[in-house]
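I have placed the structure first, in the form of structure tokens, so that the comments after it can refer back to it.
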Amino acid sequence: MKKIGIIGPNTKMCNKELYEFGEQLGLQLASKDRTIVCGGLGGFMEAVCKGIKQSQNTFDGQTIGILPEDNDNNANPFIDIAIPTGTGIARNIFIVRTADIIIAAGGGAGTLSEIAFAWQLDKKVLCVTQFDGWAKELAGRDLDNRKSGLLIPVNTIDEILNQLMNG
């Protein structure tokens, strides 16, 4: 089972185009051999989970939300398994640590921290280049000289699926 991390903007920062892209991505990601792990809240995370839950290929337990709060009251309605951590933004490390590979789109400071954690943990990040934010800004770049090639630019859902099949 491949665990795919989804990182990107929350509700306040997620525009309509990015949300719709997330829904379409979720529809395409849903398969019996993939689990999605995200921050469990709104915005891009919610959009991807919503798309997954609209797919005929979804299954119970496929969407996991690692929440910053100590309860699951704010989990988006498309999260199957909510994990309240009570750790605030420190939950970002748990998302990255849990994922085998990460998909990043848009993104502000929270997404930036998750990309940095992924870099330090040697995890590939598929950085969507269609939308402004840290994912686009860092796509194809190296954060320092200790590693290279982990922040992979992707522009379409097909490119993401291709990377998931080959990576």
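Quick look at the numbers
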| quantity | calculated |
| --- | --- |
| Lone unmet requirement of (1) farther than 16 Å from M45 by Cβ; (2) touching a Leu at 6+ places or on another chain (Cβ under 8 Å); (3) open to solvent by 10 Å² or more (accessible area, probe 1.4 Å); (4) outside any loop (DSSP other than H, G, I, E, B) for D158 | (2) |
| Restricting region 49-59 to residues that are within 16 Å of the chain's Cα centre (by Cα) and open to solvent by 50 Å² or more (accessible area, probe 1.4 Å), the residue that is nearest to G107 (Cα to Cα) | K50 |
| Residue list for region 140-154, filter: part of a strand (DSSP E or B) and open to solvent by 50 Å² or more (accessible area, probe 1.4 Å) | P153 |
| Single residue of region 118-138 satisfying the filter (of a type in the set (G, A, S) and open to solvent by less than 20 Å² (accessible area, probe 1.4 Å)) that is farthest from E20 (Cα to Cα) | A118 |
| Residue that is farthest from the chain's Cα centre (by Cα), among those in region 33-48 that are assigned to a loop (DSSP other than H, G, I, E, B) and not small (G, A, S) | D33 |
| Residue among E17, E46 that is among the charged types (D, E, K, R), touching a helix residue (DSSP H, G or I) at 6+ places or on another chain (Cβ under 9 Å) and open to solvent by 30 Å² or more (accessible area, probe 1.4 Å) | E46 |
| Candidate set from region 87-112 (those that are open to solvent by 50 Å² or more (accessible area, probe 1.4 Å) and in a loop (DSSP other than H, G, I, E, B)); member that is nearest to L164 (Cα to Cα) | D100 |
| So I115, is it under 16 Å from L18 (Cβ atoms) and either open to solvent by 20 Å² or more (accessible area, probe 1.4 Å) or of a type outside the set (G, A, S) (or both) | no |
| Residue list for region 123-136, restricted to those being in a loop (DSSP other than H, G, I, E, B) and more than 14 Å from G5 (Cα to Cα) | T129, Q130, F131, D132, G133 |
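The values are calculated or read from the model by the stated rules, or taken from the named source; none is laboratory data. Just so it is clear, the model here is predicted, and its values are computed rather than measured. We place every Cβ from the backbone using ideal geometry, glycine too, and count neighbours over all the protein chains shown. Just so you know, the surface numbers come from the protein's heavy atoms only, side chains and all, with ligands and any DNA or RNA stripped out. Shrake-Rupley method; radii C 1.70, N 1.55, O 1.52, S 1.80 Å.
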